[in-house]
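Only one structure is covered here, and it is reproduced in the block below.
Values quoted throughout were computed directly from the atomic coordinates according to the rules given, and no laboratory measurement underlies them. What you are looking at is a predicted structure, and each value in this text was computed from that prediction instead of being measured. All Cβ positions, glycine included, derive from the backbone under ideal geometry; neighbour counts span all protein chains shown.
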Amino acid sequence: CTRFHDDKHLQEETHPFRSPPCPFTPFHCQAYNTLSRTNSIKTLPIDIQNHCLKYSHVCRYGRQCHETSDVHLNNTIHVARHMCPYDSKCTKKHNEDHLNSFSHSDIPDIRRLCLYQNYECRDKRKSEHILQYRHNGNYDSSGVINYFGQNRMIDFVSNQEHMLKAIQDYAIHLKQTLSIPKEIQKFIKGLQPVHRCSKIIFESILVHGHVMSCEHMEHLKKPRFAAQAAQEHKHVRAILDRYKLPKIEDHVRVYIQELISQKYSTKYGSNSAFVIDSSSSMTSPTPNDFDETICKEERFLKSMLKAEEIDRIRKRAIDIAEASWNLQGDPTGIKYAPDKVLGTNKHIFSILGAHFGHYYGDIFLVFKNEVMLHPDANFSPQAATAFNSGRTFSCRPWVKDPGSDEAKIKCFHQSKLHCSIPGYEYVAAAELIAMTGLHKKTMDINIKDILNRWKKVDSHQVFEAHLPQLIPLDYIDAVYIPKNLFNSLTSAAQESAKKTFGHSLHLTDLEVNLGLNGDVNVQLLDKSRSKYQNYVIDKLIEKIEHPTHFYGTVITLAPSKFSDHILVPITINKAYDQYRHTHKGNTSSDDTYIYWKAMYGDMMITLSNEPINPDKIEPNIRYLVCYVAERPSTTTTNYNESYSYINASDPYRHEIIMANGRCSSSSRTFYRGCNIEGFLTYCLKIEKKTGQVTLSHAGSN
Ligand SMILES: [Zn+2]
Ligand SMILES: [Zn+2]
Ligand SMILES: [Zn+2]
Ligand SMILES: [Zn+2]
Ligand SMILES: [Zn+2]
Ligand SMILES: [Zn+2]
């Protein structure tokens, strides 16, 4: 029987087990986990023995249990799970998800809990170990990439359709057939965004703890923004999170603000470009003006934090002030005016794939693929500036030059693709094929031809990725830097880079010629630089052949108490249309399934029939809200879960529903019996015909 956590069912039916089920069985009862690890029950502490007699637990062997003693039958729930159809010939026995979903002969349904977390278990790649033990701690601790709604106005699905249509027409014009080899699509899926930067920017990135857009760097001229950056820094956050007190947070904010403002005014005097914030008064303050508040705040903090914590906050604030104004003097930081018109200054620039833009510097930062799946990321077949200058219309004659500047910019926005939209790799491959075959007027192109062209042309003529504004360093997969350039960094930067990137930091033996400023001359691609560049690019191309795949949209959120919405790059309608186009003739059902994975729960999905505008009250929008509760604690003695619910009303009623549970449908037993460690998979099913909406677990639970 699988309904052992359903109280009503237990009262109505009789079951072979006598004692009431433990609320934490099967996965999270600590007593039972201890019991199943031991060989001799008699040696266990008496309270564990008592617990296991008082409550029933799910038997680890399920249908394959041979134990017939009365104690076992009275206290154990037997669940007959599906056998794996391949059983002993199964090839997925190394996959924990699979072992959690299907039974195999001689493997318990519920394997013992390994004493080590997934990331610290040394045996987790050994199949004998996996067959015996399950693991907790499958989580991801990457930082947050904030969402700014930068793709709000972009319709990626229609972009894809138009771009593909243009190339198909062009192929007809050339009297060629457009066929897109799987190999090229696979190549595109393996591309990672690559960013290049100078030494000054790299040092600044290390201090800030994230890579940043030009606009963000520009903002750092103002002490207010530098202060915000300092407060959001990982190390400062770690201190604040330890206390979780709003009072401390307030004092730390003022303290950092004043420290940084003082630094700025010492550095720049009354130079208004740097010091005056729009919020402050007209007379610019002198450095001494800040002393009083700094002292006062320090006194407050001393009563609440440890002295070394205050020191760490002060040091981080001062470092960030310095790193921020260092940025302003960097020549590669000066960006073309068109970036502002195109909106690309709000993104981090990178090339999706091998990056030959030597004019950005010789430090290569390779981002993880999942950055491209963030709702604020996108890429275009050529650089934004190529649209603005009109050059792209001669390299890509299938797109007509629309004439006016405004129309060119519009064309750029309509050429943006997003990696979470199904079929993007097909359109991107079509673009690459057409661009590569341009001179020979052919569509008969293979991967070799594509790479050859890619290596020859300027980096503005290949995929340009526009990444979210601020990306924490956890999302960097690899860093390449010439050894002598690395050795010329400040010792603090060297140490910080080693600590932050660990094995992902690659110092190459190839050295580059350094100029007077201690960095390479970015304008001049001399022999040493070109040799180094080729070396790195070969490494990058090697990596493309071993890609890691993700699907859908990926985002790590900072809690907002449900005040902000994140817009997913594809709508249900668009997804449905697209599905019908690609699966002609077999769409009998119009049910919608939304699948997602989340850690720890406490998240909400809002569907609406119109875009939600946070600044307006829109009485006519219809909503469907689905909220999954925070996963219940497994360390308490009583099981306690808050409401998960589905509601057909606006999302801002959340607090009220959490208090009384009154809404279309709610449950406080949604996680009962689930394995709630790591990522959980959920499914929301919407049946249009009946209006029925169902929330369920969709993972191996
Ligand atoms: Zn039953
Ligand atoms: Zn128990
Ligand atoms: Zn049993
Ligand atoms: Zn199997
Ligand atoms: Zn283990
Ligand atoms: Zn920053």
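Based on Cα contacts under 8 Å between residues 6+ apart, the chain shows a relative contact order of 16 percent. Taking the Cα centre of the chain as reference, the dipole from Cβ charges on Lys and Arg (+1) and Asp and Glu (-1) amounts to some 1080 debye. Residues whose amide H falls under 5 Å from that of residue 211, counting only those 5 or more places apart or on a different chain, are 471, 473, with hydrogens built in the peptide plane. Computed from backbone phi, the HN-Hα couplings of region 484-501 come to 5, 5, 4, 5, 8, 6, 4, 5, 4, 5, 4, 5, 5, 5, 4, 5, 5, 9 Hz, rounded to whole numbers (Karplus: 6.51 cos²θ - 1.76 cosθ + 1.60, θ = phi - 60°; Gly and Pro given as x). Each residue of region 465-474 was assigned a 3J(HN,Hα) from its phi angle through the Karplus expression (A = 6.51, B = -1.76, C = 1.60, θ = phi - 60°), giving 9, 10, 9, x, 4, 9, 10, x, 5, 4 Hz with x at Gly and Pro. So what's the angle, to the nearest 10 degrees on a 0 to 90 scale, between helix 307-328 and the longest Cα principal axis of the chain? The answer is roughly 40 degrees.
Taking a ≥ b ≥ c as the square roots of the eigenvalues of the Cα gyration tensor of region 7-134, is the shape rounded (a/c under 1.5), prolate (a/b larger than b/c) or oblate? The partial results should precede the final answer.
Values: a/c = 2.07, a/b = 1.35, b/c = 1.54.
It comes out oblate by the Cα gyration axes.
Sort region 589-697 into rounded, prolate or oblate with this rule: let a ≥ b ≥ c be the square roots of the eigenvalues of the Cα gyration tensor; rounded if a/c is under 1.5, and if a/c is not under 1.5, prolate when a/b is larger than b/c, oblate otherwise. Verdict is prolate for region 589-697.
So how much slack lies between residue 237 and residue 488, counting 0.36 nm per residue of separation and subtracting their Cα-Cα distance, in nm? Walk me through the numbers before you get to the answer.
Working: separation 251, 0.36 × 251 = 90.36 nm, distance 3.02 nm.
Length gained, residue 237 through residue 488: 87.3 nm.
For the chain, the longest piece that avoids every one of the GluC sites (Glu not before Pro) found in DSSP loops with at most 13 other C-beta atoms within 10 Å covers 121-544. Mean projected area of the Cα convex hull of region 199-329, taken over all directions, amounts to 7.9 nm². Compute the angle between helix 288-304 and the longest alpha-carbon principal axis of the chain, please, reported from 0 to 90 degrees and rounded to the nearest 10. Long axis of 288-304 versus the principal axis of the chain: about 10 degrees.
Cα gyration tensor of region 8-50, axes a ≥ b ≥ c as square roots of the eigenvalues: rounded (a/c below 1.5), prolate (a/b > b/c) or oblate? Mind showing how you got there, number by number?
Numbers: a/c = 2.94, a/b = 2.20, b/c = 1.34.
Cα axes put region 8-50 in the prolate bin.
Working from label points 7 Å from Cα in the Cα-to-Cβ sense, the residue 2 to residue 426 distance is 3.5 nm. The trypsin sites (Lys or Arg not before Pro) of region 433-488 that DSSP puts in a loop, and whose beta carbon has at most 12 other beta carbons within 10 Å, are 440, 441. Mean residue ellipticity, 222 nm, helices only, the chain: the sum of -39500 (n - 2.57) across DSSP H runs of n ≥ 4, divided by residue count and rounded to 500, is -11000 deg cm²/dmol. In a fully extended conformation the segment linking residue 341 and residue 685 would gain 119.6 nm over its present Cα-Cα distance, using 0.36 nm per residue. Between amide H atoms placed 1.01 Å from N, distances below 5 Å from residue 398 occur with no residue 5 or more places distant or on a separate chain.
Here r is the Cβ-Cβ distance between residue 561 and residue 531 and R0 is 41 Å; the resulting FRET efficiency, rounded to 0.05, is 0.15. Extending 7 Å from Cα along the Cβ direction at residue 509 and again at residue 101 yields two label points whose distance is 4.7 nm. In sequence order, region 379-390 has phi-based couplings of 8, 10, x, 9, 4, 3, 5, 5, 6, 4, 7, x Hz under the Karplus curve 6.51 cos²θ - 1.76 cosθ + 1.60, θ = phi - 60°, and Gly or Pro positions carry x. Per residue, the average separation of C-alpha pairs within less than 8 Å and at least 6 apart gives region 1-65 a relative contact order of 37 percent. Find which of 220, 266, 471 sits farthest along the positive direction of the dipole of the chain, computed with +1 on the beta-carbon of Lys and Arg, -1 on that of Asp and Glu, about the Cα centre. Of the listed residues, the answer is 471.
Based on the Kirkwood approach, the hydrodynamic radius assigned to the chain is 29.3 Å, with every pair of different Cα atoms included.
Of all beta bridges DSSP finds with both residues in the chain, what is the antiparallel percent, to the nearest 5?
Details: 49 of 59 bridges.
Among the beta bridges of the chain, antiparallel pairing accounts for roughly 85 percent.
For residue 478, the amide hydrogen comes within under 5 Å of the amide hydrogens of 366, counting only partners 5 or more places away or on other chains and with H modelled in the peptide plane.
The slack in the chain from residue 308 to residue 132, taken as 0.36 nm per residue of separation less the alpha-carbon distance, amounts to 58.8 nm. Starting from the Cα of residue 295, step 7 Å along the direction of its Cβ; do the same at residue 618; then give the gap between the two resulting points in nm. About 5.4 nm separates the two model spin labels.
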